[in-house]
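Taking it in order: structure first as structure tokens, then the write-up.
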Amino acid sequence: MKYAKSIALVAALGATTLVVSCGGETEQAGIEPKVFTDSLFAVMKSDRTNYTKLIVQRLGPNKGAFIKPDEHWEDLDQGAPLPAQMFRYGAEGVAEITDEFTYSLQSLWPVNKQNAPKTPIEKEGLEFIKDNPGQNFYGQEKLGDVNYFTAVYADVAVSPACTSCHNEHKDSPRTDFKIGEVMGGVVIRVPVGN
């Protein structure tokens, strides 16, 4: 049986190898960390935006909904997690499966202090995306004995649910966010050769 030419990108959960199969012959070439992190971010951004617009915005205040998005959703009979919480649950779930990459949602103005930048490169990246709309930040850092490629992508307010939650939250250090504005960033870290 003759094999058709096929190209399969194996990037699920950190596999960083491009596999090309042509008539039974296989070649492998590494994927650049930037391409890998950009691809991961595309999935994360799509999921986060869709959850916010299609679920949270529709369940928000004044919608007469029985299920209410709330940061203390577990204490409510019919509560739903906020977008930032869903993002963190996803990151925690991925960390249980692989150590090929990590990701987190961070901000220079975090409502939850655990989401503040912890390394100099994270802070530099968050400042960069704030000051350069539409651009991503890429850098390298060494944590312990491991070198990392670290990418930071803008997390922007995509709906009124984002801005009203942050602007009205009692612990928010900033209360003037607008739709389309950078509220924080997604930090993706991939270990690279030492």
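Values quoted throughout were computed directly from the atomic coordinates according to the rules given, and no laboratory measurement underlies them. The shown structure was predicted, so the numbers you read here are calculated from the model rather than taken from an experiment. Positions of Cβ are backbone-derived with ideal geometry, glycine not excepted, and every protein chain shown enters the neighbour counts.
Can you classify the stretch 81-194 as rounded, prolate or oblate using the Cα gyration tensor, where a ≥ b ≥ c are the square roots of its eigenvalues, rounded means a/c under 1.5, and otherwise it's prolate if a/b beats b/c and oblate if not? Working shown, then result.
On the way: a/c = 2.17, a/b = 1.56, b/c = 1.39.
Here the stretch 81-194 falls in the prolate category.
Sticking with the crude label model, points 7 Å out along Cα→Cβ, report the distance from residue 142 to residue 38 in nm, one decimal please.
2.8
At 0.36 nm per residue, and after removing the present C-alpha to C-alpha distance, how many nm does the segment from residue 100 to residue 178 gain when stretched out fully? Let's see the in-between values first.
Details: separation 78, 0.36 × 78 = 28.08 nm, distance 3.49 nm.
Gain on extension, residue 100 to residue 178, equals 24.6 nm.
Between residue 92 and residue 171, what is the label-point separation in nm under the 7 Å Cα-to-beta-carbon projection?
Placing both labels 7 Å beyond Cα along the Cβ direction yields 1.4 nm.
For the pairs 118/178; 34/118; 45/130; 130/178; 118/142, note any where the Cα-Cα span goes beyond 19 Å.
Details: 118/178 26 Å; 34/118 22 Å; 45/130 17 Å; 130/178 13 Å; 118/142 13 Å.
Flagged as over cut-off: 118/178; 34/118.
Amide H of residue 82 versus every other amide H placed in the peptide plane: which residues, excluding those fewer than 5 positions away on the same chain, fall under 5 Å?
70
Tell me, what HN-Hα J-couplings in whole Hz come from the Karplus equation 6.51 cos²θ - 1.76 cosθ + 1.60 at θ = phi - 60° for each residue of the stretch 132-145, using x for Gly and Pro?
Along the stretch 132-145, the couplings run 10, x, x, 10, 9, 10, 10, x, 10, 8, 10, 10, x, 9 Hz.
Which shape class, rounded, prolate or oblate, goes with the stretch 107-160 when its Cα gyration tensor gives a ≥ b ≥ c as root eigenvalues, a/c under 1.5 marks rounded, and past that a/b bigger than b/c marks prolate?
Details: a/c = 2.56, a/b = 1.49, b/c = 1.72.
Here the stretch 107-160 falls in the oblate category.
In nm, what is the difference between 0.36 nm times the number of residues separating residue 123 and residue 164 and their Cα-Cα distance?
Working: separation 41, 0.36 × 41 = 14.76 nm, distance 2.49 nm.
Extra length from residue 123 to residue 164 when fully extended: 12.3 nm.
Going by average Cβ density within 10 Å per residue, which order do the peptides 107-120, 151-164 take, highest to lowest? Present the calculation step by step, with values, prior to reporting the outcome.
Numbers: 107-120: 15.7, 151-164: 21.1.
Descending mean neighbour count gives 151-164, 107-120.
Which value, in debye to the nearest 20, gives the size of the charge dipole of the stretch 125-194 about its Cα centre, when Lys and Arg are +1 and Asp and Glu are -1 at the Cβ?
Numbers: 6 positive and 9 negative charges, 14 e Å.
Using only the charged Cβ atoms, the result is roughly 60 debye.
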